[in-house]
Amino acid sequence: GVSTMQLKVNGTVRSIQAEPRVSLLDALREYMDLTGTKKGCDHGQCGACTVHVDGRRINSCMTLAVMNQGKEITTIEGLAKGEELHPMQTAFLKHDGFQCGYCTPGQIMSGVACVREGHATSDDQTREWMSGNLCRCGAYPNIVAAVREVQQ
Ligand code: FES
């Protein structure tokens, strides 16, 4: 049956009525209208659904919403400070780190975590640690360039 859960997303606690089987990804997109987080494969293969939970990257399609109560969830919508883009967003714009843009929110969330965790100290390391974020357009060189700029 449906139950009430409370999720803290981008600093605001929100209450939703959903079945316990609902993924965090579907909770964000379908129950909170936070559609910046994308659904590519829905089974942990593409990284389009990457969000931060307590500062760590996760594929939000692979975790149940109910398991993430009491945690700090950050989505692409929570990255900018008002009108001011996060440096990673600015770098993606500057380096054309996207073509169709579908994978971009996940790439950006992943890039932010990589830099924060010290996993972007070289281009090879960045490619390795962001290998879970697929880009069907093949914008990888520009994505790596954007991450490199923020890392420096
Ligand atoms: Fe979650 Fe592809 S939609 S990894």
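Scan 71, 38, 81, 94 and give me the residue that is among the basic types (Lys, Arg) and touching a Cys at 6+ places or on another chain (Cβ under 7 Å).
38
Can you list residue pairs whose Cβ atoms sit under 7 Å apart, with the first residue in the stretch 63-85 being within 17 Å of residue 113 (Cβ to Cβ) and the second being among the polar types (S, T, N, Q) and not in a strand (DSSP E or B)? Count only pairs 6 or more apart in sequence or on different chains.
Short answer, once both residue conditions are applied: 74/10; 75/10; 75/37; 76/37; 77/10; 78/10; 79/89; 80/89.
Looking only at the stretch 36-58, count every residue that is in a strand (DSSP E or B) and either aliphatic (A, V, I, L, M) or near the ligand (Cβ under 6 Å from one of its atoms) (or both) and tell me the total.
3
If residue 130 meets every condition in (1) at pLDDT 95 or above; (2) over 23 Å from residue 40 (Cβ atoms) apart from one, which number is that one?
Just one mismatch for residue 130, condition (2).
State the number of residues belonging to the stretch 57-75 that are over 22 Å from residue 15 (Cβ atoms) and under 10 Å from the mean Cα position of the chain (by Cα).
2
Kindly check whether there is at least one residue in the stretch 84-91 that is surrounded by fewer than 16 Cβ atoms within 10 Å (Cβ to Cβ) and in a strand (DSSP E or B).
yes
Given (1) more than 30 Å from residue 14 (Cβ to Cβ); (2) surrounded by 14 or more Cβ atoms within 10 Å (Cβ to Cβ), identify the lone condition not met by residue 109.
If we test residue 109 against (1) more than 30 Å from residue 14 (Cβ to Cβ); (2) surrounded by 14 or more Cβ atoms within 10 Å (Cβ to Cβ), just (1) comes out false.
The values are calculated or read from the model by the stated rules, or taken from the named source; none is laboratory data. Everything numeric here is computed off the predicted structure, so don't read it as measured data. Ideal geometry is used to build each Cβ from the backbone, glycine not excepted, and the neighbour counts take in all protein chains shown.
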